[in-house]
Amino acid sequence: LQGQISEAQRRREGDTLYIQCPYAELGIERETKYWCLLKDGGYQEVVSTYSERWQQSQDGRTQIKDNATNKTVSITMTDLKAEDSGTYFCAYYKYLHGIYRYISIRTISLTVFKGEYLYPTQSQAFSRESTFIIVTVVLLILLLLALITSTALGVRYYKLLARTGNREAEDTGDRPEGTAQPGSRESSQDDSKGSGYINLDVQSQPSPEDPLYCNVEPSQAPRNPQRVEYAVIAFSPSPRSGRE
């Protein structure tokens, strides 16, 4: 067997191998062309042709055609299987040096392996697209639910804060404070500045019988013990007008 060095070809199971074998030698256009497999030290003829028509193997998976005009032999192997792996050659039969022998035009080393396709089929692509759409819709629904839940919790928290603020305002309003009768003013000085005083500024002149009140809240008492001085205040009645 004479010819070129074998070149490697790799295919997955189920793929198709298409090979072209150009030849330049004159006078072999009408010679029978063969597609053979090297096996057990010998040659196994897979398919052959002697015309420009496609010829196929017995199992129908391999076809060969010789184009004498372009001087090219075309071979197609479909639905490849792992057992199709091996060394193949395209050749023609010629009487040379007293014997007939195969003259190789092109030699390949074919490896067929099992495995998934690198590129997804149409059904796989459609399945992946459907899965992507479903996942996207589910994520959008979850995001919407999270947004609704967050809004509801925010409104509830706001109402809780408002209710707590109103309750504190009511408690502050109910708390006793240092008060004086209407028309009076209350003032005090800081404990750190010395003695504290409570001044009553009476707007209207009361009668001697009217009592005066001044409520001092316990929290207003000096923190540090201090000396307290009390003064008695008396009001003299004003002279009545002659008109009355």
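Among the lysines of region 7-113, pairs that are 8 or more positions apart or on different chains and have alpha carbons within less than 17 Å of each other number 5. Taking the number of Cβ atoms within 10 Å of each Cβ as an exposure proxy, the fewest-first ranking of Ile141, Ile19 is Ile141, Ile19.
In plain terms, the residue of Asp40, Asp59 with the fewest other Cβ atoms within 10 Å comes first and the most crowded comes last, giving Asp40, Asp59. Basic side chains Lys and Arg get +1 at the Cβ, acidic Asp and Glu get -1 at the Cβ, and with that the dipole of region 8-78 about its Cα centre reaches some 200 debye.
If you take the Cα centroid of region 84-98 and the Cα centroid of region 15-39, the two points sit 9 Å apart.
Since every read-out is calculated from the coordinates, none of them should be taken as a lab result. Remember, it's a predicted structure, so these values are computed and weren't measured experimentally. We place every Cβ from the backbone using ideal geometry, glycine too, and count neighbours over all the protein chains shown.
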